[in-house]
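Shown next, in structure tokens, is the structure this report addresses.
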Amino acid sequence: MEGFVKVNGHPVHYVEFGKGFPVFCIHGYAVDWRMMAGCLEPVFEKHDGYRRIYIDLPGHGQTPPGLLKTSNAWLETISGAIDELIGKEQHFLLAGQSYGSYMQLGLHCLRNEQIDGSLFIVPCPMADRPPRQLPEKQFTEYDEEFMDTLPEEWRARMESWGCMMNKRVWRTFEQDIIPGLKLEVKPYTRYIVDNAYKLTYEEDKENGFKNIKFDKPSLWITGKQDHYVGYKDSLPYITNEQFTRSTFVALDGASHLIPNEKEDLFHLLVEDWLYRIEKLQPIKYVTGYKVYGTPEEKWVFEDEK
């Protein structure tokens, strides 16, 4: 099923699959809903009871730019779309990729209590680069014979995003990413990048990113060779105990194309995230528990008696 909802007169395109508990999925820059559906549907198709809703960001896919001139306006529009699709109080799961994860952090600032699980895929934790801590661009695998068969434009795009260049990665790149790249309204998205890319919540000292406290299952999937967003700048959300029930992975041999490059491992990690959501809530904390028991009698060696 697909359609549009209107938020303050602005149409927002979405595609959904399944019925049940809502899961909102937000893609990153330049692509569209297919990027998220391509990597998540193979997992969700094995699980009943989830209504997966994939939203196109403004200027991407079939959501037009309209008069939305800032990332804050994007965030308000996404939040408004959630209201239109499930109401203002319904709980939901949330997944974001790259800049979609940046929007995801904004949604945690706006409606943290409604989110019952959060999945961050190659997350963008800050708008500006620098000061992002990024590795150098590198390839960990390169099938030159195969890459020479690709159209120059798409070969260059795949090379710019990833570190593993082979036929398997190309299969999903061609299917899930290229269709969105063709629909991006580049002058508009470039305007946002150049003029209004940063959310005010990133630097808000009272209600911003650094004030998020989330005690439900989260999963952070990052790549050691991701030269777009890296992995180091996401770590403080874990080490500072903002996301207390988190799994954080920084995969070697993986870049900004983790769902394409590490497809099987990616699916296993998402399976575990769903398991934790379904089976391990709520956690029961035990007070007064001792790691080692206290023996009732003191041992004495024979030669010491």
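Each reported figure results from applying straightforward, stated rules to the coordinates on display, with no laboratory input. Owing to the predicted nature of the structure, the values given are computational and were not obtained by experimental measurement. Note: ideal-geometry Cβ built from the backbone for every residue, glycine included; neighbour counts use all protein chains shown.
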message: Taking amide H atoms as placed 1.01 Å from N in the peptide plane, list the residues 5 or more away in sequence, or in a different chain, whose amide H sits under 5 Å from that of PHE214.
response: PHE243, THR244
task: Describe numerically, in nm with one decimal, the distance between label points set 7 Å from Cα along Cα→Cβ at GLN281 and at ASN112.
output: 1.6 nm
message: Using only Cα atoms and rounding to the nearest 10 degrees, what angle (0 to 90) does helix 263-279 make with the longest principal axis of the chain?
response: 60 degrees
- prompt: Given the alpha-carbon gyration tensor of the range 49-182, what are the semi-axes of its equivalent ellipsoid in whole angstrom, ordered largest first, with each equal to the square root of 5 times an eigenvalue?
  reply: 32, 17, 16
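What are the semi-axes of the equivalent ellipsoid of the range 189-249, taken as the square roots of 5 times the eigenvalues of the Cα gyration tensor, listed largest first and rounded to whole Å? Working shown, then result.
Details: eigenvalues 105, 67, 16 Å².
Each semi-axis is √(5λ); the values are 23, 18, 9 Å.
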task: Project the alpha carbons of the range 160-223 onto their principal axes and report the range along each, largest first, in whole Å.
output: 47, 34, 18
- line: Rounded to the nearest 10 degrees, the helix 99-111 long axis (Cα) sits at an angle to the longest Cα principal axis of the chain of 60 degrees
query: Reported to two decimal places, what Rg/Rh ratio describes the range 128-189 when computed on Cα atoms with Rh from the Kirkwood expression?
result: 1.02
- prompt: Is the range 105-146 rounded, prolate or oblate when judged by the Cα gyration tensor, a ≥ b ≥ c being the square roots of its eigenvalues, rounded requiring a/c under 1.5 and prolate requiring a/b larger than b/c?
  reply: oblate
query: If we count every other residue with Cβ under 13 angstrom of LEU134's Cβ, Lys/Arg +1 and Asp/Glu -1, where does the sum land?
result: +1
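Taking R0 as 30 Å, what FRET efficiency do you get between ILE238 and ASP83 from their Cβ-Cβ distance, rounded to the nearest 0.05?
On the way: r = 30 Å, r/R0 = 1.00.
About 0.50, to the nearest 0.05.
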Label-reachable residues, the range 160-201, where backbone N falls under 19 Å from a point 7 Å from HIS267's Cα toward its Cβ: 166-177
- prompt: Helix 152-161 sits at what angle to the longest principal axis of the chain, using alpha carbons and giving 0 to 90 degrees rounded to 10?
  reply: 30 degrees
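Which percent of the Cα-Cα distances in the range 1-80 go past 17 Å?
43 percent
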- line: GNM of the chain, Cα pairs under 10 angstrom: of PRO125, PRO151, PRO64, the biggest fluctuation goes to PRO151
field: Total lysine pairs under 28 Å (Cα atoms) in the range 1-104, excluding pairs fewer than 8 apart on one chain
entry: 6
message: For volume of the Cα convex hull per residue in Å³, one of [x] 167; [y] 199; [z] 117 was computed from the structure I shared and the rest are decoys. Which label?
response: [y]
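With a ≥ b ≥ c the root eigenvalues of the C-alpha gyration tensor of the range 23-121, is it rounded (a/c under 1.5), prolate (a/b larger than b/c) or oblate?
Values: a/c = 1.67, a/b = 1.19, b/c = 1.40.
Cα axes put the range 23-121 in the oblate bin.
Antiparallel as a % of all DSSP beta bridges within the chain, to the nearest 5?
Of the beta bridges lying entirely in the chain, close to 30 percent run antiparallel.
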statement: Honestly the range 147-264 on the Cα gyration tensor test (a ≥ b ≥ c root eigenvalues; a/c under 1.5 rounded, otherwise a/b vs b/c for prolate or oblate) is just oblate
message: Run the reach check for LYS216 against aspartates and glutamates, Cα to Cα strictly under 18 Å, same-chain hits fewer than 8 apart removed. What comes back?
response: GLU89, GLU113, ASP116, GLU241, GLU271, ASP272, GLU278
task: Could you check which residue among CYS124, CYS39, CYS25 shows the biggest mean-square fluctuation in a GNM of the chain with a 10 Å Cα cutoff?
output: CYS39
